[in-house]
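Heads up: the structure comes next, in structure tokens.
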Amino acid sequence: MAATHILFFPVVLHLFLLWPHAASASGLHPVVLLPGATCTQLEARLTDAYLPPSPQCAAAAAAAPRGARWFRLWKNSTALDDPTVAPCVADQLSVVFDRVAGDYRDTRGVETRLLDFGSTRGFLADDPADRDLCMGRLVEALERVGYRDGETLFGAPYDFRQPPAAPGQPCRSFSRFQRQLRALVERASRTNGDKPVVVVSHSQGGYFALEFLNRSPMAWRRRHVKHFVMASTGAGGFVGSMRFLATRDDSPLGRVGRSSAIKFTPLPSPKVFDRHTPLVITRHKNYTAEDMPEFMAAVGLPASEVALYKTRALPVAMSFRAPVVPTTCVNGGGVPTTETLVYWDGDFGKDPRVVYGDGDGVVNSASILALDTVIGDDPKQEYYRSVKIAGASHVGVVSGAAALRRVIAVILQDNFV
């Protein structure tokens, strides 16, 4: 059953205003948050196998005891702001594809781990801008209505460098994340009177959450998941991500993007974007979502990278489907969003002319509207709601005051039904 409005919103908003009394009477369903890309905090340590890429990085590495002390790798604003240290961060943050193992791994001599899995502290940064991006404002709003970190509110950061791969393809990072998240959801439910959990995601976190749910046994989903609230995630990526593939970005995050599979996840999916609609235009050739391998070759990606897209990423995009748990998708709209990139002379090293359309400033309206079909029209999906917030941006959905009230209302409905 699908709908595009929250008919219960006025009632829940009224209860929201009276929440302290309501909470004591009915209790809270635990909430698990999955943030957007780059929000996870990563720690690292170096082993004797690490080979620094420059004398500056060698000096920095020599100052750190090998194999013992863990240090903040991402997001380390002090290091990223130092032009002599930032390249070292980029090198240590990069991943490589191991042809023998058939999977991505950390750079040789670097070991990484997630910071504070299970807590929202694992992705709440000190920078106010990052707090907007990384669900910090949503955490504050949830705390105001009675949620407490580690008791009723939990965080599930993930290694954003290593998104889910197609079933049958090795992906140790996502397999480990699945085990961790399953244990966290079970613990959150058990310590809260066996109440099922509300899973809330933002942006790329939605892809991780959806794959996690769809790869979990149906009986487990029905027992442990009360509601899935997916914010700022479309059913088929967004056009702006194609510009990233064409751009030579030498920032630490840009280098990580080039080395890892993160560059594939948000690409426009042939499942959503019409095969007759050009997304990139040049004088001699136009590229649609179905032409992604050809576009990758045109912007200089080696054949090995194109093969990884075809075998690991594209099958995941094409299998985007209903999680078959109660689901509400919350998205912004009415914000100019990249719809077409024009590289008329075919020079992908230059900035393109951008044609804008509707969306949330990142995700195109076509990808947002497709949720109603891909999830809402699935006969197995018994409960689905789509909440579209006019004027809300991609980040604003989880940081703007008005949008937050809508998101909180969606979450709180589970405490009254």
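Go through the stretch 73-97 and give me each residue that's under 19 Å from S173 (Cα atoms) and either over 24 Å from the mean Cα position of the chain (by Cα) or of a type in the set (G, A, S) (or both). Within the stretch 73-97, just S94 meets the criteria. Selection over the stretch 256-283 of residues that are in contact (Cβ under 8 Å) with a residue 40 or more places away in the chain and surrounded by 21 or more Cβ atoms within 10 Å (Cβ to Cβ) gives a count of 13.
Pairs meeting the criteria (first residue in the stretch 22-34 and open to solvent by less than 10 Å² (accessible area, probe 1.4 Å), second residue among the polar types (S, T, N, Q) and at pLDDT 95 or above, beta carbons under 7 Å, at least 6 apart or on different chains) are P30/T152; P30/S189; P30/N192; V31/T152; L34/S201. Where strands (runs of 3 or more DSSP E) fall entirely within the stretch 71-148, those with at least 2 residues that are open to solvent by 50 Å² or more (accessible area, probe 1.4 Å) are at 110-114. Taking each residue of the stretch 137-155 that is free of Cβ contacts under 8 Å to residues at least 24 places away in the same chain and looking for partners that are of a type in the set (A, V, I, L, M, F, W, C) with beta-carbon atoms closer than 8 Å, six or more apart or interchain, yields E143/L153. Take T47 and decide whether it is in contact (Cβ under 8 Å) with a residue 40 or more places away in the chain, loosely packed, with under 13 Cβ neighbours inside 10 Å and farther than 24 Å from K263 by Cβ. Considered against the rule, which asks whether it is in contact (Cβ under 8 Å) with a residue 40 or more places away in the chain, loosely packed, with under 13 Cβ neighbours inside 10 Å and farther than 24 Å from K263 by Cβ, T47 comes out as yes.
Does F123 count as modelled with pLDDT under 95, in contact with a Cys (Cβ under 9 Å, 6 or more places away or on another chain), closer than 30 Å to G193 by Cα and of a type outside the set (D, E, K, R)? Judged against the criteria, F123 is a match.
With respect to (1) open to solvent by less than 30 Å² (accessible area, probe 1.4 Å); (2) in contact with a strand residue (DSSP E or B) (Cβ under 8 Å, 6 or more places away or on another chain); (3) within 30 Å of D351 (Cβ to Cβ); (4) of a type outside the set (V, I, T), the lone exception for G236 is condition (2). Take S251 and decide whether it is in contact with a strand residue (DSSP E or B) (Cβ under 8 Å, 6 or more places away or on another chain), of a type in the set (G, A, S) and either open to solvent by less than 20 Å² (accessible area, probe 1.4 Å) or touching a residue at least 60 places away in the same chain (Cβ under 8 Å) (or both). Considered against the rule, which asks whether it is in contact with a strand residue (DSSP E or B) (Cβ under 8 Å, 6 or more places away or on another chain), of a type in the set (G, A, S) and either open to solvent by less than 20 Å² (accessible area, probe 1.4 Å) or touching a residue at least 60 places away in the same chain (Cβ under 8 Å) (or both), S251 comes out as no. When the residues of the stretch 240-254 are filtered to those that are closer than 15 Å to D351 by Cβ and assigned to a loop (DSSP other than H, G, I, E, B), the one that is modelled with the highest pLDDT is T247. When the stretch 267-294 is filtered for residues that are of a type in the set (A, V, I, L, M, F, W, C) and under 26 Å from R321 (Cα atoms), the ones remaining, listed by number, are L267, V272, F273, L279, A289, M292. Can you tell me which residue in the stretch 354-386 is surrounded by the fewest Cβ atoms within 10 Å (Cβ to Cβ), limited to those that are among the charged types (D, E, K, R) and modelled with pLDDT of 95 or more? By that ranking, first place goes to K380. Cβ-Cβ contacts under 6 Å between residues 6 or more apart (or on different chains), taken from a first residue in the stretch 379-396 that is part of a strand (DSSP E or B) to a second residue that is crowded, with 19+ Cβ neighbours inside 10 Å and of a type in the set (S, T, N, Q), are listed as Y384/T327; R385/T328; K388/N331.
Among the conditions (1) under 23 Å from V95 (Cβ atoms); (2) out of contact with any helix residue (DSSP H, G or I) (no Cβ under 7 Å at 6 or more places or on another chain); (3) not hydroxyl-bearing (S, T, Y), L181 misses just one, which is (2).
Listed by position, the helices (runs of 4 or more DSSP H) enclosed by the stretch 161-230 that each have at least 3 residues that are within 29 Å of H394 (Cα to Cα) and more than 15 Å from the chain's Cα centre (by Cα) are 172-190.
Taken together, the residues in the stretch 325-352 that are open to solvent by 30 Å² or more (accessible area, probe 1.4 Å), touching a residue at least 24 places away in the same chain (Cβ under 8 Å) and not in a strand (DSSP E or B) amount to 7.
Does the stretch 261-278 contain at least one residue that is assigned to a helix (DSSP H, G or I) and at pLDDT 95 or above? There is no residue in the stretch 261-278 that is assigned to a helix (DSSP H, G or I) and at pLDDT 95 or above.
Contact map, the stretch 52-78: first residue under 24 Å from D159 (Cα atoms) and of a type in the set (D, E, K, R), second residue surrounded by fewer than 14 Cβ atoms within 10 Å (Cβ to Cβ) and modelled with pLDDT of 85 or more, Cβ cut-off under 7 Å, separation 6 or more or different chains; pairs are R66/T47; R66/D48.
The values are calculated or read from the model by the stated rules, or taken from the named source; none is laboratory data. This one's a predicted model, so the numbers in the text were calculated from it and none came from an experiment. All Cβ positions, glycine included, derive from the backbone under ideal geometry; neighbour counts span all protein chains shown. With ligands, DNA and RNA removed, areas are computed over all heavy atoms of the protein, side chains included. Shrake-Rupley method; radii C 1.70, N 1.55, O 1.52, S 1.80 Å.
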